[in-house]
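For reference, the structure discussed in these notes is given below.
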Amino acid sequence: MTAPTSDAPPSSAQPAKDHTLAGIALMLVGIFFFSVNDTMGKWLISTYSVGQVLLLRSISAIIILSPFIARVGIGAFFRAPRPWLQVTRAAFATFEVACFYWALSGMSLADTMTFYLAGPIYVTAVSPFLLGEHVGWRRWMAVIAGFVGVMIALGPTGGAFSPHALVAIAGSLSFSIFMVCTRLVRGTSDVVLVGTQVVAALVFGAVTAPFTWVAVSWFDAGLLALLGAVAMTAFLCINRSISLAPASVVVPYQYTSIVWAVLLGYIFFGDVPSRNVVIGAGIIIAAGFYIFIREQRQAKPPSFNEPPPA
């Protein structure tokens, strides 16, 4: 595309709108892959420990990611901005996924997802203070409505205060901090962002897996390798999404995971959605579309000045 010939500065509204739409689309794709990852994880965690699943998943992800790491060079990891925040981000990313798998070992996918879907509420609450993003009252109401829909559809059971549920809550809080940290290091290469997450999970698995190691069948080895590929794809999509658009806009779209949870739960585990699930899903989808339409109408530029990373 040729540069404008006019002396007037080009409008930033359209690029900002394009970045926001791309961020929303990538969040939706990333959440789908995370839902597939969660379904596979639920299946595997019944046989293997959290550490073993993370170790083998990370080995697969490292192999797939290695050509991209070779392209950017190892030095890119040492030159990444705000190194201590990078380490903090990777630690919270590892902790939240470990908590998720641990919770799945004693809870249904639906109940575990209920606690994790509270993450956008935490992110939205801290975005004005830590990220400097403006969140209007309409978006606040839409996010709250989405959370109410989650509770209607997947309301926790009587064992909501079980140890596994507390682990899920801790993981949800960790996930929200991870998302905020990702936003704060938005100038970092996607390869570095994903690579640090994978390496952190690899280290965690290497330390903990030997204590509970179980022999892996060839079929399960293939599933674990596929789990790494799916997780890496989801990481890339989520990281790029938050780099392109404000967290308070794209993070609520993780509510779409309830749709995939219902669909994949029916296909693989025979779960039939109840009336509450259908009603709750409708509320969540409506809230998500309202946020989308609201952002389209405002078409505000992102709350940062530098261009998104290549």
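Things worth noting here:
- In summary, no helices (runs of 4 or more DSSP H) completely within segment 198-270 bear 1 or more residues that are modelled with pLDDT under 90 and touching a strand residue (DSSP E or B) at 6+ places or on another chain (Cβ under 8 Å).
- Candidates in segment 241-256 are the residues that are more than 23 Å from D38 (Cβ to Cβ) and small (G, A, S); of these, the one that is surrounded by the most Cβ atoms within 10 Å (Cβ to Cβ) is A245.
- Looking at L104, L44, L54, L26, just one residue is in contact (Cβ under 8 Å) with a residue 12 or more places away in the chain, over 30 Å from G288 (Cα atoms) and within 19 Å of the chain's Cα centre (by Cα), and that residue is L54.
- Residue count for segment 161-195 under the criterion of being over 13 Å from Q86 (Cβ atoms), aromatic (F, W, Y) and in a helix (DSSP H, G or I): the result is 1.
- For V87, the test of being within 25 Å of S172 (Cβ to Cβ) and of a type outside the set (D, E, K, R) is passed.
- Scope segment 78-101; condition touching a residue at least 60 places away in the same chain (Cβ under 8 Å) and over 16 Å from L184 (Cα atoms); matching residues: T94, F95, E96, V97, A98, C99, F100, Y101
- Screening segment 1-101 for helices (runs of 4 or more DSSP H) wholly inside it with 1 or more residues that are in contact with a Ser or Thr (Cβ under 6 Å, 6 or more places away or on another chain), over 23 Å from L244 (Cβ atoms) and at pLDDT 90 or above returns the ranges 50-72.
The values are calculated or read from the model by the stated rules, or taken from the named source; none is laboratory data. All values reported here derive from a predicted model rather than from experimental measurement. Virtual Cβ from ideal backbone geometry, glycine too; neighbours counted across all protein chains shown.
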